[in-house]
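The values are calculated or read from the model by the stated rules, or taken from the named source; none is laboratory data. In this text, all values refer to a predicted model and were calculated from it rather than measured experimentally. For neighbour counting, all protein chains shown are included, and Cβ atoms are generated from backbone atoms with ideal geometry for every residue, glycine included. Note: accessible area is taken over every heavy atom of the protein model, side chains too, but ligands, DNA and RNA are not part of it. Shrake-Rupley method; radii C 1.70, N 1.55, O 1.52, S 1.80 Å.
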Amino acid sequence: MKLTDNVLRSFRVAKVFRENSDKINCFDFSPNGETVISSSDDDSIVLYDCQEGKPKRTLYSKKYGVDLIRYTHAANTVVYSSNKIDDTIRYLSLHDNKYIRYFPGHTKRVVALSMSPVDDTFISGSLDKTIRLWDLRSPNCQGLMHLQGKPVCSFDPEGLIFAAGVNSEMVKLYDLRSFDKGPFATFKMQYDRTCEWTGLKFSNDGKLILISTNGGFIRLIDAFKGAVLHTFGGYNNSKAVTLEASFTPDSQFIMIGSEDGKIHVWNGESGMKVAVLDGKHTGPITCLQFNPKFMTFASACSNMAFWLPTIDD
């Protein structure tokens with residue numbers, strides 16, 4: 001089944017889970033699309049089975065809290081950042097709920113966490129104005145970059161380069177093997193003092209970069225030339241909430257939630273809005289991602305919703 005405008009318009013909430021007593025901070029699909037793991041301000045980590053459409057188990061991180069969470073390539077392991085006590089990143093085995101390793105270094109909250117798509121490398125960006133490069137096999141930071149401001153960062157789909165959005169006005173591209181030589185490309189954007197950049201993602205085909213903000217717009221830029229292709233707006237975000245924007249796996253569509261529980265979808269090529277879907281969420285949709293392998297996506301406020309298409313084109 002191929003994603004088209006009509007298929008996207010047909011998506012409806014198939015299931016809603018109320019496992020959390022506070023907002024969901026982050027979630028991540030496993031690379032095979034079979035499970036999704038979420039983190040919440042209630043200090044819980046909830047694992048869902050996407051095929052059966054039900055929660056599998058809940059783990060707690062009461063002492064440290066849990067903010068950003070990402071699957072690693074090994075089955076049943078995650079890395080996550082904390083929102084209590086310290087800013088150490090933790091590597092957790094879900095299988096026996098034991099920590100495998102700690103990654104200390106950041107001195108302020110971690111605001112970006114990205115796993116390499118190809119190996120055991122991951123990067124983290126923090127309000128301490130640094131990006132750190134790590135390897136799951138070693139507690140020691142493998143590389144450190146000092147920046148001018150708050151960073152957002154992500155690997156490209158090949159895992160060869162990573163992009164850093166700095167100070168809400170510049171995108172810098174680094175070669176992973178020689179990042180200490182500085183960026184090989186820098187794209188300067190028009191600075192908008194009304195909002196901050198809150199996220200950066202590559203499309204799966206590697207051609208596009210999506211910049212999300214805590215304002216009322218998101219930007220789609222050409223990953224090679226840095227030109228702004230489209231600015232998408234028209235969704236509600238009056239309280240400067242961090243709303244996650246995502247690509248569909250085919251790189252064709254861009255979607256974001258809003259503070260009023262609706263999801264807005266645009267065609268990345270034409271820039272046209274193709275759908276507004278009502279998730280009936282009780283709060284702002286802070287997390288939104290498409291499943292990497294199956295025709296389903298998830299959205300979250302303090303509830304988690306799984307969506308399915310109601311037509312088959």
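Of note:
- For the range 114-129, a tally of residues being out of contact with any helix residue (DSSP H, G or I) (no Cβ under 8 Å at 6 or more places or on another chain) and open to solvent by 10 Å² or more (accessible area, probe 1.4 Å) returns 9.
- Hits in the range 139-159 - residues which are open to solvent by less than 30 Å² (accessible area, probe 1.4 Å), over 20 Å from residue 206 (Cβ atoms) and in a strand (DSSP E or B): 143, 145, 151
- Of the strands (runs of 3 or more DSSP E) that lie entirely inside the range 175-261, those containing 1 or more residues that are within 27 Å of residue 132 (Cβ to Cβ) and open to solvent by 10 Å² or more (accessible area, probe 1.4 Å) span 185-188, 197-202, 208-213, 217-222, 245-247.
- Listing of strands (runs of 3 or more DSSP E) fully contained in the range 270-313 that carry 3 or more residues being modelled with pLDDT of 95 or more, open to solvent by 10 Å² or more (accessible area, probe 1.4 Å) and closer than 23 Å to residue 242 by Cα: 273-278
- Qualifying residue in the range 259-282 (condition: under 14 Å from the mean Cα position of the chain (by Cα), of a type outside the set (Gly, Ala, Ser) and closer than 25 Å to residue 195 by Cα): no
Residue-wise test of (1) under 24 Å from residue 242 (Cβ atoms); (2) among the β-branched types (Val, Ile, Thr); (3) modelled with pLDDT under 90; (4) over 18 Å from the mean Cα position of the chain (by Cα).
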{"residue": "171", "(1), (2), (3), (4)": "yes, yes, no, no"}
{"residue": "175", "(1), (2), (3), (4)": "no, no, no, yes"}
{"residue": "180", "(1), (2), (3), (4)": "no, no, yes, yes"}
{"residue": "183", "(1), (2), (3), (4)": "no, no, no, yes"}
{"residue": "187", "(1), (2), (3), (4)": "yes, no, no, yes"}
{"residue": "197", "(1), (2), (3), (4)": "yes, no, no, no"}
{"residue": "207", "(1), (2), (3), (4)": "no, no, no, no"}
{"residue": "212", "(1), (2), (3), (4)": "yes, no, no, no"}
{"residue": "225", "(1), (2), (3), (4)": "no, no, no, yes"}
